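Just so it is clear, none of the values below were taken in a lab; they were calculated from the coordinates. These numbers were taken from a predicted model, which means no experiment stands behind them. Here the Cβ positions follow ideal geometry from the backbone for every residue, glycine too, while neighbour counts run over all protein chains shown.
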Amino acid sequence: MKKGLSRRDFLKLTGAIGGALILKPETSLAYKEFSGWPDSFGCLTDLSECVGCRSCERACNEANALPQPSIPFDDGSVFNHKRRPDAKAYTVVNRFEDPRDKNRFIFRKIQCNHCNEPACASACPIHAYDKTPEGPVLYDSSKCFGCRYCMIACPFYVPAYSYESALEPKIVKCIMCYPRIKAGRLPACVEACPAGAITFGKRKDLINLAREKIMRNPQRYVNHIYGEHEAGGTSWIYISCTI
Amino acid sequence: MKRLFLISLLFLLSTLLFYQGAGSLLYPKMIVLNSISDKYTPVKFDHGKHIQFSQGCSGCHHKHQKNESLSCKDCHNVTPSLFKNSVHRNFMACRNCHSQFNPEFPKMPDLKVAYHRACFQCHRGMDSLGVEPKGCTQRCHTLKTQKAERRSP
């Protein structure tokens with residue numbers, strides 16, 4: 001009996017493995033299996049409910065003791081250009097024209113989506129980021145040395161940098177009001193929203209709620225829950241009205 | 001004389017009851033919604049006017065005349081004998097169900113959301129509501145700080 005692997009057997013084996021890999025494309029869908037922490041919290045933003053009052057922005061500003069914005073919260077001119085979260089605003093609402101009716105608008109609130117498998121945390125060389133079992137992705141500024149890899153890694157362009165602070169700049173982003181959640185309260189923006197456009201709860205309950213909303217009103221909603229699988233699943237999920 | 005007085009009293013009472021049965025006197029006309037007024041001033045809600053606009057109560061009182069409805073007594077807390085006459089007077093306040101938001105039951109909105117959703121279903125698009133943030137203060141209520149600023153020159 002021959003010892004080891006013959007050349008012929010080796011080629012057969014590698015051919016078989018290679019063939020199996022090519023013939024099994026569903027392995028590329030493995031990212032859907034990232035489930036995150038069980039029973040973690042999340043938020044569901046229903047864009048069809050949002051009326052663009054910016055109460056969430058105001059509440060976020062107060063809860064995080066951020067500086068007053070240059071354009072006041074009740075000034076609609078802020079919608080004239082598209083904004084993204086920065087060091088002075090962890091959440092922003094942008095306005096888009098409804099293509100069916102120019103007098104109607106669709107508003108979209110953006111903030112950190114608190115991914116189940118955060119790319120910012122993966123990219124951080126010093127583990128300054130932490131995905132908490134409650135859901136929020138937190139950042140420890142005492143560890144950060146300012147490489148800003150997280151800003152590049154984030155698929156949603158969320159982490160911002162306090163550039164104006166020359167000596168102690170840090171990364172800033174929404175923390176889903178982690179201290180408030182720990183105290184059994186709602187995130188500030190959720191509590192402030194008059195339209196109920198943001199719902200706070202267990203992520204798995206919210207996905208069911210989103211599904212139910214779409215099912216009950218298929219004319220109104222796009223049949224997709226954004227964030228259910230995107231970027232491996234996010235704690236902050238969205239449903240939107242049809243266009 | 002005493003008998004006449006009693007008869008007229010009975011007559012008055014019966015007419016009053018008749019009108020109650022007809023429902024014309026029963027609906028509140030103007031309501032000040034101030035139970036959750038915190039940052040904004042209370043809303044003066046003209047209920048009478050909205051009755052004229054709306055087609056039936058179910059447009060706003062969401063559980064009314066729908067398949068998903070609760071049984072009548074869940075909102076109108078009355079005995080069957082009283083039910084026909086004074087059902088509207090015994091209407092249960094929205095806040096009895098819609099109090100605080102509980103993440104365990106994410107489908108149940110709190111009072112603030114329940115109020116706003118009822119209004120937004122028609123008012124969205126009026127007076128730039130749903131177009132820009134000022135719409136809210138133009139149509140229904142002003143910020144309390146705004147009011148204070150306006151008062152002080």
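Here are some notes:
- Three-way shape call for region A:126-243 based on the alpha-carbon gyration tensor, with the a/c threshold at 1.5: prolate
- Above-threshold pairs, the threshold being 30 Å between Cα atoms, out of A:143/A:204; A:102/B:29; A:88/A:143; A:102/B:144; A:173/B:112; A:102/A:213: A:143/A:204; A:102/B:29; A:102/B:144
- Taking other residues whose beta carbon is less than 15 angstrom from the beta carbon of residue A:101, and scoring Lys, Arg as +1 and Asp, Glu as -1, yields +4.
- Cys residues of chain A that find no other Cys beta carbon under 4.7 Å: A:43, A:50, A:53, A:60, A:115, A:124, A:144, A:147, A:154, A:177, A:193, A:241.
- Shown for B:132, A:164, A:228: other C-beta atoms within 10 Å of each C-beta, ranked fewest to most, produce the order A:164, A:228, B:132.
- Label-to-label distance for residue A:223 and residue A:96 is 2.0 nm, based on points extended 7 Å past Cα in the beta-carbon direction.
- Taking the Cα centre of chain A as reference, the dipole from Cβ charges on Lys and Arg (+1) and Asp and Glu (-1) amounts to some 920 debye.
- Using C-alpha pairs under 8 Å with a sequence gap of at least 6, the mean separation divided by the residue count of chain A gives a relative contact order of 28 percent.
- Neighbour-count ranking [beta-carbon atoms within 10 angstrom, fewest first] of B:58, A:235, A:40: B:58, A:40, A:235
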